[in-house]
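As structure tokens, the structure follows; a few thoughts come after it.
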């Protein structure tokens, strides 16, 4: 059995000594370079490991979920505290969290602990039909920007807790706070496709019927929406100095819809968003939940060594390696269920297997999607230890 | 107009036409139970098979289920009159603390399409409510859904309480983070990765007399 504490402590004390000599700026630079080398298929000194979490920070630090979500400053501080408990990691995927921020990606209400849920429960996106079929014409009439602003105000945030809305909260220097700890933050701006927004706003059942019954209307609306999506994410990431813009897909997974539908309603828009991020000089981090196996080959359309594909365990990462292993940096995919219910040995063994078989070039070790809120600390440490033990 | 035409209408997603086709067959002396089994349930079995093989996807499955339901609406009063029994009774719900229901709703659609009666308890369902539903209905299967690792433990608790109430009830589990291994570890009788698999398992689990 591996002794993650022992392995880890050695690793931490080494870094602490280095910190005294080199300073966190130097560690920050070293970690950033390691990640960029992994993306660019330059041989990194070792496979980097990135941590992605939100709710885990609350549970592992003993912070009530409602308190964690009370402000960006609190969320960031708690996430940094959690990082220190884990002990190491080459970067944090995103450096702060806002529950209502999810509404901008899902076009849906979010149920929030301390407001709609008991204060210790995790937030949840609520599936409901907030957008009607008639709204398609309204979007074409007044434009997406005006419609979405009106939609969020009147239908999504109408019963939200005002103090938690992003516009009412004081911003925080996320990059700076993490930088003081020597930890790079990858993602600075988030964007998703018109499909995800409409699917969230209409509800899956209604939207999927729209795809069958009024496809031309849906395409016209998607064509209007896509023009306005990437700009905000790019500006946020570029202005603040983040290297990465997050481009997410979950219901756009090829396993959900037929090849014809995916070709018509997903790929042209997804591809456009990724290219816009690339043209801005940023690294697109493609956060792909569910199963994308059928269309993995399409991602070779993007330039080699410029994009990260993050998988959540539903897509077979070993198949992704076969199709994209010489072209696109893969990230993932230690399963949430293993991190929550498995043992450190299982996590260490699987993480090591990923490093061996998906790496060493063009690979970043990470959980598949978020480290779940109820992940065991020792399991997360085992994942990190597998990366650190390479050196 | 024939039962074969009704069968094909489901596969062709003719939601607006199927009611007329069912009425036509009834007027020509067609038996409601035969229309149900051969014209409505049978094509849904085919839809499930095609979904499992990767020829159909969720939009088509939804559309077929809606079409089948439109045909069933015409038959329902006649089936009630003839006391036709469902294939089986399934209690479905998303476990306590979990508000997600898309997967559960797709399973419900496929089970109803397959001739099952579904008692849908909704979301955030405490184990006591599942137990109550098992007491009140002659339940064959309890289906549990969870979309969060934080709510998955409620599956084990619910399973144990349901089986304590009625050991004959079978428990099937599913949901994005749920794995076959997890299902086995908590003693579930079946695991379904998607709605079509849930429907297939349910048919195997409930043996027709």
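Every residue in the range A:364-391 that is under 21 Å from residue A:286 (Cα atoms) and away from every other protein chain (no Cβ under 14 Å), please.
Those that are under 21 Å from residue A:286 (Cα atoms) and away from every other protein chain (no Cβ under 14 Å): A:364, A:365, A:366.
Residues are listed down the side, and each one gets a yes or a no for (1) in contact with a strand residue (DSSP E or B) (Cβ under 8 Å, 6 or more places away or on another chain); (2) more than 14 Å from chain B (Cβ to nearest Cβ); (3) loosely packed, with under 14 Cβ neighbours inside 10 Å:
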residue: A:218; (1), (2), (3): no, no, no
residue: A:229; (1), (2), (3): yes, yes, no
residue: A:234; (1), (2), (3): yes, yes, no
residue: A:241; (1), (2), (3): yes, yes, yes
residue: A:260; (1), (2), (3): no, no, yes
residue: A:265; (1), (2), (3): no, no, no
residue: A:268; (1), (2), (3): no, yes, no
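Against the conditions (1) more than 19 Å from residue B:86 (Cβ to Cβ); (2) crowded, with 22+ Cβ neighbours inside 10 Å, where does residue B:132 fall short? Just the number, please.
Just one mismatch for residue B:132, condition (2).
All but one of (1) surrounded by 17 or more Cβ atoms within 10 Å (Cβ to Cβ); (2) away from chain B (no Cβ under 14 Å) hold for residue A:207, so report the exception by its number.
Condition (2) is where residue A:207 drops out.
Having 2 or more residues that are out of contact with any helix residue (DSSP H, G or I) (no Cβ under 7 Å at 6 or more places or on another chain) is the bar; report the strands (runs of 3 or more DSSP E) wholly within the range A:249-354 that clear it.
Of the strands (runs of 3 or more DSSP E) lying wholly inside the range A:249-354, those with at least 2 residues that are out of contact with any helix residue (DSSP H, G or I) (no Cβ under 7 Å at 6 or more places or on another chain) span A:283-288.
Could you run through the range B:1-30 and say how many residues are assigned to a loop (DSSP other than H, G, I, E, B), in contact with a helix residue (DSSP H, G or I) (Cβ under 7 Å, 6 or more places away or on another chain) and in contact (Cβ under 8 Å) with a residue 12 or more places away in the chain?
Total meeting the criteria: 6.
Residues in the range A:339-353 that are surrounded by fewer than 24 Cβ atoms within 10 Å (Cβ to Cβ) and within 9 Å of another protein chain (Cβ to nearest Cβ): how many?
Qualifying residue count, the range A:339-353: 2.
Looking only at the range B:165-187, filter to residues that are away from chain A (no Cβ under 14 Å) and in contact (Cβ under 8 Å) with a residue 24 or more places away in the chain; which one of those is nearest to residue B:44 (Cα to Cα)?
Here the answer is B:172.
How many residues are within 14 Å of another protein chain (Cβ to nearest Cβ) and farther than 15 Å from residue B:93 by Cα if we restrict to the range B:195-209?
2
Out of all the residues in the range B:31-68, which are assigned to a loop (DSSP other than H, G, I, E, B) and either within 14 Å of chain A (Cβ to nearest Cβ) or crowded, with 20+ Cβ neighbours inside 10 Å (or both)?
B:53, B:54, B:55, B:56, B:57 - these are the residues of the range B:31-68 that are assigned to a loop (DSSP other than H, G, I, E, B) and either within 14 Å of chain A (Cβ to nearest Cβ) or crowded, with 20+ Cβ neighbours inside 10 Å (or both).
Each row is one residue, and each column tells you yes or no for (1) surrounded by 16 or more Cβ atoms within 10 Å (Cβ to Cβ); (2) under 20 Å from the mean Cα position of the chain (by Cα); (3) within 16 Å of residue A:181 (Cβ to Cβ); (4) at pLDDT below 95.
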residue	(1), (2), (3), (4)
A:31	yes, yes, yes, no
A:38	yes, yes, no, no
A:44	yes, no, no, yes
A:49	yes, yes, yes, no
A:52	yes, yes, no, no
A:58	yes, yes, no, no
A:63	yes, no, no, no
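The values are calculated or read from the model by the stated rules, or taken from the named source; none is laboratory data. Worth saying up front: this structure is predicted, and the values here are computed from it rather than measured. Because the Cβ atoms are built from the backbone with ideal geometry, glycine has one as well, and the counts that use them run over all protein chains shown.
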